[in-house]
């Protein structure tokens, strides 16, 4: 039943559920950001200082109630059912460090992140600063992917460079390949970055379907290479 609103109340609800294995939780950035910003939440939205303070308090309370840490997504691959980037994807360094400091006040926690590691975001720089300031471990999803701006070996090299300066950044390495459900009407499919697809990407499905049935459009789509 939906009988909770705050994260401590959510943990109480989990406690009351029957289970055969133990569970652990992170406070999710997306839910916290959407809760605080409300209708203002959208890709590129910059929260006020008061917003960051409120988000930080929610995260701090969640950790004190029993959460293991905090998680955020900064990859364009994670989207809502409407195709929008999930809340937090475009968060600024100031927002992330503000939340991280709240975790430091709580006295424990892991700061977890999935990111495309775009160079202009300087992810390793702020992860290192946050870890050194708070003493917390910061972990990121390290993998070889076309969505990543850096190859895996460079990700590890940048992590080690920050750790050599006193940070505690830990790479999460997948032990097996992950699966993705692809569909024309899903968030990802093999032609999503082909030039021809981008010309119809925003059309209603009925119009997209008509174009896909067009032999000329199909031939053009199959002849192209992805733009990324």
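The values are calculated or read from the model by the stated rules, or taken from the named source; none is laboratory data. Here the structure is a predicted model, which is why all the values come from computation and not from measurement. Ideal geometry is used to build each Cβ from the backbone, glycine not excepted, and the neighbour counts take in all protein chains shown.
Quick look at the values:
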read-out: Some residue of region 36-44 being at pLDDT 95 or above, on the phi < 0 side of the Ramachandran plot, part of a loop (DSSP other than H, G, I, E, B) and out of contact with any helix residue (DSSP H, G or I) (no Cβ under 9 Å at 6 or more places or on another chain); value: no
read-out: Considering residues of region 1-31 that are in contact (Cβ under 8 Å) with a residue 60 or more places away in the chain and assigned to a helix (DSSP H, G or I) only, the residue farthest from the chain's Cα centre (by Cα); value: 7
read-out: Failed item in (1) within 29 Å of residue 80 (Cβ to Cβ); (2) touching a helix residue (DSSP H, G or I) at 6+ places or on another chain (Cβ under 8 Å); (3) not in a loop (DSSP other than H, G, I, E, B), with residue 172 passing the rest; value: (2)
read-out: All positions within region 119-152 that are closer than 16 Å to residue 77 by Cβ, out of contact with any helix residue (DSSP H, G or I) (no Cβ under 7 Å at 6 or more places or on another chain) and free of Cβ contacts under 8 Å to residues at least 24 places away in the same chain; value: 145
read-out: Lone qualifier among 223, 196 - being surrounded by 15 or more Cβ atoms within 10 Å (Cβ to Cβ) and more than 21 Å from residue 78 (Cβ to Cβ); value: 196
read-out: Of residues in region 2-35 being touching a helix residue (DSSP H, G or I) at 6+ places or on another chain (Cβ under 8 Å) and surrounded by fewer than 13 Cβ atoms within 10 Å (Cβ to Cβ), the one nearest to residue 69 (Cα to Cα); value: 23
read-out: Output for region 99-129, where each listed residue is on the phi > 0 side of the Ramachandran plot and more than 15 Å from the chain's Cα centre (by Cα); value: 107, 109, 122
read-out: Test: residue in region 179-187 that is surrounded by 15 or more Cβ atoms within 10 Å (Cβ to Cβ), out of contact with any helix residue (DSSP H, G or I) (no Cβ under 8 Å at 6 or more places or on another chain) and in the same structural domain as residue 217 (by TED's automatic domain parsing); value: yes
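Residues checked against (1) at pLDDT below 95; (2) surrounded by fewer than 19 Cβ atoms within 10 Å (Cβ to Cβ); (3) in contact with a helix residue (DSSP H, G or I) (Cβ under 9 Å, 6 or more places away or on another chain):
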| residue | (1), (2), (3) |
| --- | --- |
| 57 | no, yes, yes |
| 77 | yes, yes, no |
| 82 | yes, yes, no |
| 89 | yes, no, yes |
